[in-house]
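The values are calculated or read from the model by the stated rules, or taken from the named source; none is laboratory data. Everything numeric here is computed off the predicted structure, so don't read it as measured data. FYI the Cβ positions are ideal-geometry reconstructions off the backbone, even for glycines, and counts take in every protein chain you see.
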Amino acid sequence: MYHTLSGFRNTAAALLNAQNKQLKFFADARKYPSLLDAALDATNVPVSVYTNLIQEVHNHIEKMHRYVRLRKKLLGVEELHFYDIYTQLVPNADRKIPFAQAKQTVYEALAPLGEDYRRVLQEGFDHRWIDVYHNEGKRGGAYSAGTPVHPLVLLNYTGTLDSQFVLAHEMGHALHSYYSAKHQNFVDSDYEIFVAEVASTCNEALLMEHLLGKTEDRRERAFLINHFLEQFKSTLFRQTMFAEFELEIGKLVQRGQTLTADALCGLYRQLNQAYFGPDMVVDDEISMEWARIPHFYCNYYVFQYATGYCAAIALSRRILREGAPAVEDYLRFLSGGCSKPPIELLKIAGVDMATPDPVRQALSLFEELLDEMEALTEA
Ligand SMILES: [Zn+2]
């Protein structure tokens, strides 16, 4: 695939260059100090949130390298390549989970969010908010749409552990929409993308804690923890790497340089080496990956997956630790829609994304999980 993509490397570079030049034109015309400032101002997110994220991940990048080392060891390969990244580390622990059971488990797992939250959740389960299975002509994936009547959720449920997490995830979006629509006027009811993945991921984190709390079985724990570690890898580390790529190419354009295929491939390769560390063989092919990431045309968008993930981890910890007062704050956050800037809304819930703390907390949880995974898989 990357060889084919390489045949179009100059076209892809010209497109990404034009995208950034366009953003530079608007940023200059409106007197923003940088492309990044111009893009983040749309949702009132301070630039420091973006740069803190990259800085903190850099400070702890050794943890990611440790995970790569563990993956290499568990797969038993002499060389670890990028195509080994998606292979299951703990095979065959996945059982079929009927949908009724998945609903029950999610309901139980979200007990820490209180009875009001669970009442709405049950209402969604009982009143056909969800289109569950795949069907002829139905699109793939999963999403939730907030509508004025009630949220609607599309799933393609297959009975895997993953599917169960998707159910918790999408119901997180759905209940965020529900609370915001209930408490805000129509104009302020739709939440910003910066906070959008918080409610969904918080549910996933609570489900994970619930499942881990229920099992002492080594194999099952390893399977669950691996799922969690993978999420950290793809949501926190990888999206931050994308964010850093965007930051760097924006700086080049800011200085009046042109984004050539050579420059883009070189930078992308370098970042992969830095993020995945010495145990990953960085093949030439991966240098082309930038050309297939559509989000690079969304102007500094992807960092929100990483910050949202950290905020969700911090909030789930707070809810489990402090109980009722934390839940009350969390429900006020869910009810806020876009009535305040996203950073302010998250402060209501008890997490301050203007500081590096939430990113640090998430990274320290990653380390704890890594410790347990190493211990569990010691033969
Ligand atoms: Zn989502």
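Values as computed for the structure displayed
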read-out	value
Helices (runs of 4 or more DSSP H) within the stretch 29-131 that include 1 or more residues closer than 25 Å to Leu236 by Cα and either out of contact with any helix residue (DSSP H, G or I) (no Cβ under 6 Å at 6 or more places or on another chain) or not charged (D, E, K, R) (or both)	35-41, 47-59, 61-75, 99-109
Within the stretch 200-221, considering residues that are of a type in the set (A, V, I, L, M) and crowded, with 20+ Cβ neighbours inside 10 Å, the one farthest from Leu320 (Cα to Cα)	Leu211
Candidate set from the stretch 276-324 (those that are part of a helix (DSSP H, G or I) and among the β-branched types (Val, Ile, Thr)); member that is surrounded by the fewest Cβ atoms within 10 Å (Cβ to Cβ)	Ile286
Qualifying residue in the stretch 20-30 (condition: closer than 30 Å to Leu229 by Cα and surrounded by 15 or more Cβ atoms within 10 Å (Cβ to Cβ))	no
The listed residue being in contact with a strand residue (DSSP E or B) (Cβ under 6 Å, 6 or more places away or on another chain) and not acidic (Asp, Glu), out of Ile85, Ile97, Ile130	Ile130
Test: residue in the stretch 132-142 that is away from the ligand (no atom under 14 Å from the Cβ), at negative phi, part of a loop (DSSP other than H, G, I, E, B) and touching a Leu at 6+ places or on another chain (Cβ under 6 Å)	yes
Within the stretch 60-82, tally of residues that are modelled with pLDDT of 95 or more and at positive phi	0
Which listed residue, of Lys182, Lys138, is in contact with a strand residue (DSSP E or B) (Cβ under 9 Å, 6 or more places away or on another chain) and over 21 Å from His210 (Cβ atoms)	Lys138
Among (1) part of a helix (DSSP H, G or I); (2) of a type outside the set (A, V, I, L, M, F, W, C); (3) crowded, with 19+ Cβ neighbours inside 10 Å; (4) modelled with pLDDT under 95, the one test that Tyr330 misses	(4)
Helices (runs of 4 or more DSSP H) lying entirely in the stretch 146-235 (those with 2 or more residues that are touching a helix residue (DSSP H, G or I) at 6+ places or on another chain (Cβ under 6 Å), within 14 Å of the ligand (Cβ to nearest atom) and among the aliphatic types (A, V, I, L, M))	161-183, 193-214
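Condition check ((1) touching a His at 6+ places or on another chain (Cβ under 9 Å); (2) more than 24 Å from His134 (Cβ to Cβ)) across all residues:
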{"residue": "Leu161", "(1), (2)": "yes, no"}
{"residue": "Met171", "(1), (2)": "no, no"}
{"residue": "His183", "(1), (2)": "no, yes"}
{"residue": "Glu192", "(1), (2)": "no, yes"}
{"residue": "Ala199", "(1), (2)": "yes, yes"}
{"residue": "Leu206", "(1), (2)": "no, yes"}
{"residue": "His210", "(1), (2)": "no, yes"}
